[in-house]
1. Percent of Cα-Cα pairs per 5 Å bin, from 0 to the last occupied bin, for segment 65-221, please list those.
2. Can you give the extra length, in nm with one decimal, that the chain gains between residue 105 and residue 154 once fully stretched, where that is 0.36 nm per residue apart less the Cα-Cα distance?
3. For the pair residue 229/residue 37, report the inter-label distance in nm, with labels modelled 7 Å from Cα in the Cβ direction.
4. Can you list the GluC sites (Glu not before Pro) in segment 1-82 that are in a DSSP coil and have 12 or fewer other beta carbons within 10 angstrom?
5. Can you give me the distance in nm between label points at residue 73 and residue 120, each placed 7 Å from the Cα along the Cα-to-Cβ direction?
6. Where the convex hull is taken over the Cα atoms of segment 190-234, what is its projected area averaged over directions, in nm²?
7. Rounded to the nearest 5, what % of the DSSP beta bridges within the chain are antiparallel ones?
8. Which of 131/338; 105/249; 249/304; 37/251 have a Cα-Cα distance over 27 Å?
Amino acid sequence: MQFIDLKAQYAALRGEINANIQAVLDSAQFIGGPQVKQLEQELADFVGRKHCITCANGTDALQIAYMVAGVGEGDAVFCPDMTFISSTEPAKMFGATSVFCDITKDTYTLCPESLEKQIKAVLAQGKLKPKAVVAVDILGNPCDYDTIAPICEKYGLTLIEDAAQAFGASNKGRKCCSFGYIATTSFFPAKPLGCYGDGGAIFTDDDAAADVIRSLCVHGKGPGGKYDNIRVGMNSRLDTIQAAVLLPKLKALRSYEIDRRQEVAGRYNAAFCKDFTVPFVAEGCVSAWAQAETHWAQYAILAKDTQTRDRVIAHLKEKNIPNMIYYPTPQHALPVFKAEPHYGETYANANDYCARTLSLPMHPYMDAAQQQTVIDAVREAL
């Protein structure tokens, strides 16, 4: 059994993927081939954005977003306490400070109340300048942008949406990656839309920002091209072969994969709702169950306590059933961030989530029989 069955997906899409890869090999346009521009246009259309610029990976996408936002020394960047470090590490790279906020108790996304409290605390202290908010659509669940966006406007902060775990999800009819001044996603193979290596994308509606993003992706190129360097940039591009792989995968995601993830999540919810806290999807959303409309990238349950969670993990290991913890340690407790100020925030929800969370196999090619094997094994451990 696979945690995310990329082999099953490839078997379903083999013809199109192989043909697309062969076309790239035949053309020898390995960098900047027409498939890249085609993918960028299809991604922008799917999300509902004016611009999509692909890049080498999701971490580069976030770093570029920070650069466009002008994050630097003395700035405060507000981030959820429960995320992967790629959401937060660019702040440290640019000399800024990550100010962590608690998560909501139900969707596990950035808590608007904690966000505003932390902003006020930073302003009151007067040592850092509030600069940006990185809202992470965690586990496929979109953030509460109806509340977060006005907070950013109120305090003059740039809103960056990190939708690496939620591509395909939506909130009240708007797709993830359509929120914020800049949005980013990742095409790491395990993501809802994944390539066969690394890849990422950046979205914006601002023409000037799009020009800067394209420049930063190619060593700070200017109007004269890559030898006309007008700023310090980086080398971050999506290879043509990866774009060729993503095109049929995007079609499958749009056609049926999101619906199938919902079906898998529904079966899990029905099986575990009495013994675990099952994922909550806010009204008007669809999850990518990567992850509202949520698009489940990962399917995470909360056990009643750490001991129960660990007992289930041990039993699943005996049964050779893959499982993961996303994430075992909140950001504020990581050694790299031990010196960051907390401003009195206790991170009660993030600490509780990390102590009890467990993610089970989840993908759109998981049949009911496979899933029942997982369900039975979890129940045996209780």
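Throughout, read-outs are computed from the coordinates displayed, never taken from laboratory work. Fair warning: this is a prediction, and the values are worked out from it, not measured in the lab. Methodologically, a virtual Cβ is constructed for each residue, glycine included, from the backbone with ideal geometry; neighbour enumeration extends over all protein chains shown.
1. Whole-percent P(r) values from 0 Å outward: 2, 10, 18, 23, 22, 15, 7, 3, 0, 0.
2. Working: separation 49, 0.36 × 49 = 17.64 nm, distance 2.45 nm.
Contour length minus Cα-Cα distance gives 15.2 nm.
3. My value for the distance between the label points is 2.6 nm.
4. Values: sites: 16, 40, 42, 73; in loops: 73.
Filter output for segment 1-82: 73.
5. 3.2 nm
6. Across all orientations, segment 190-234 yields a mean hull projection of 4.2 nm².
7. Among the beta bridges of the chain, antiparallel pairing accounts for roughly 50 percent.
8. Violating the 27 Å Cα-Cα cut-off are 105/249; 249/304.
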